[in-house]
């Protein structure tokens, strides 16, 4: 469409000009109509006033002959027989301005009317009014409408000439004002065009005015900042992943090269076990990276009811490592794991409403597995799993805790450990400490389910607290 292909500046100017043209046309029409009615009303008042004076003189028997013309009014005084008995010098003294039937109707209604004055040798239309006096006398008073008609025509000509000039002036002003208004948007477009692969840290110009364009520029700059941070995180992830991949690949290569160099004295079973161990490490790293990539998209594979109590029981049964593994159902009334958890796990609380959340059971199982693996890696003697609903967790929230009695983590590092590829000092590191993605996957998964996760002191040890909204 032709209109849509025009620039925004042109369309705004054209629309504003069309609205102004319509407004000016309506204003001019209203002005002419109001002016005409005002002038007609003024003539009618003068005619009526003069007619009342003539009626008063007639009733008093003091009419002059001829009647004096005041304010260019024309007067005819008719007797009971309908003949003109007195009149002003500028009108006919033989033929009345209105015939008998028209005079009777005008006298009865008292309304003024237009009469063509040319048949009476008078210029242009007349504004005529008829009044009744005593003794059957009729007074006809008129005034020429030519001056008013000429004034209205002159006003119309002035408006016809002046309106286009005024409209052109307003259109030019609109063009300039709209152009100045859209200039910040042009600067934003140029700034956005300059933002590229070699200028990631550039920001769009922000106008001084606190208007919608200022809010748009601020929002876009915030978006660029988030994109820059995401790109930095992505680059760091790629760099860290490449670094993590180098170690197992180098180990595999070294073992195979040594085995091939001395095949006669090589224990191939031991070599295969070493290569398998590094391969499993690569497989876990690849799975963790794929999980993070999927979670970074903010999507879940499925959303279904998941009973955290059942999930915790199965996880506890899986890790039969001779540690003091226990399920703490909490002491709040009505809290519990539900689903008839057995006492073989150290639970002595009565079953209650199950803490059911909506989410992906496999992802939530990975969360619990990662937390338990981390706790077992650093625990001195015991690991405790806890599931609660309500109470300290808050209404409508299920709380899952994993507690160990290990060395703990300093408060200043408890947020940093959720970063990807983060490892702390040897106090909480073992040989199989992993690539540093476990807690990162935990936080990303929990946030994708609408929950939160944090670490707190367990005195002694460390407690990981996961809170998820209960399914409605």
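The values are calculated or read from the model by the stated rules, or taken from the named source; none is laboratory data. Because the structure is a prediction, the values reported are computed rather than measured. Here the Cβ is made from the backbone with ideal geometry for all residues, glycine too, and neighbour counts use every protein chain on show.
Taken together, 176, 170, 204, 182 contain a single residue that is at pLDDT 90 or above and surrounded by 12 or more Cβ atoms within 10 Å (Cβ to Cβ), which is 170. With the condition kept exactly as written, say whether any residue in the stretch 299-308 is within 25 Å of residue 437 (Cβ to Cβ), more than 42 Å from the chain's Cα centre (by Cα) and crowded, with 17+ Cβ neighbours inside 10 Å. Scanning the stretch 299-308 turns up no residue that is within 25 Å of residue 437 (Cβ to Cβ), more than 42 Å from the chain's Cα centre (by Cα) and crowded, with 17+ Cβ neighbours inside 10 Å.
Residues in the stretch 238-266 that are over 18 Å from residue 289 (Cβ atoms) and at pLDDT below 80: 265, 266. Please verify whether residue 354 is at pLDDT below 85 and part of a loop (DSSP other than H, G, I, E, B), treating the condition exactly as stated. The answer is yes for residue 354.
Within the stretch 111-138, if we keep just the residues that are free of Cβ contacts under 8 Å to residues at least 24 places away in the same chain and under 21 Å from residue 82 (Cα atoms), the residue that is surrounded by the most Cβ atoms within 10 Å (Cβ to Cβ) turns out to be 113.
Look at the stretch 1-16: where a residue is in a loop (DSSP other than H, G, I, E, B) and a partner is surrounded by 13 or more Cβ atoms within 10 Å (Cβ to Cβ) and modelled with pLDDT of 90 or more, sitting 6+ places away or on another chain with Cβ atoms under 8 Å, you get 6/14. All conditions but one from (1) touching a strand residue (DSSP E or B) at 6+ places or on another chain (Cβ under 7 Å); (2) surrounded by 13 or more Cβ atoms within 10 Å (Cβ to Cβ); (3) free of Cβ contacts under 8 Å to residues at least 24 places away in the same chain apply to residue 50; the one that does not is (3).
Filter the stretch 64-87 down to the residues that are in contact with a strand residue (DSSP E or B) (Cβ under 9 Å, 6 or more places away or on another chain) and surrounded by fewer than 20 Cβ atoms within 10 Å (Cβ to Cβ) and list them by number. Hits for the stretch 64-87 are 64, 65, 66, 68, 69, 71, 72, 79, 80, 82, 84, 85.
The residue list 95, 141, 148 contains one member that is crowded, with 18+ Cβ neighbours inside 10 Å, outside any strand (DSSP E or B) and in contact with a helix residue (DSSP H, G or I) (Cβ under 7 Å, 6 or more places away or on another chain), which is 148. Return yes or no: is residue 238 farther than 30 Å from residue 48 by Cβ, exposed (fewer than 11 other Cβ atoms within 10 Å of the Cβ), without any contact (Cβ under 8 Å) to a residue 60 or more places away in the chain and not assigned by TED's automatic domain parsing to the domain that holds residue 70? Spelling it out, it is not the case that residue 238 is farther than 30 Å from residue 48 by Cβ, exposed (fewer than 11 other Cβ atoms within 10 Å of the Cβ), without any contact (Cβ under 8 Å) to a residue 60 or more places away in the chain and not assigned by TED's automatic domain parsing to the domain that holds residue 70. Of all the residues in the stretch 200-226, those that are within 15 Å of the chain's Cα centre (by Cα), assigned to a helix (DSSP H, G or I) and over 17 Å from residue 190 (Cα atoms) number 2.
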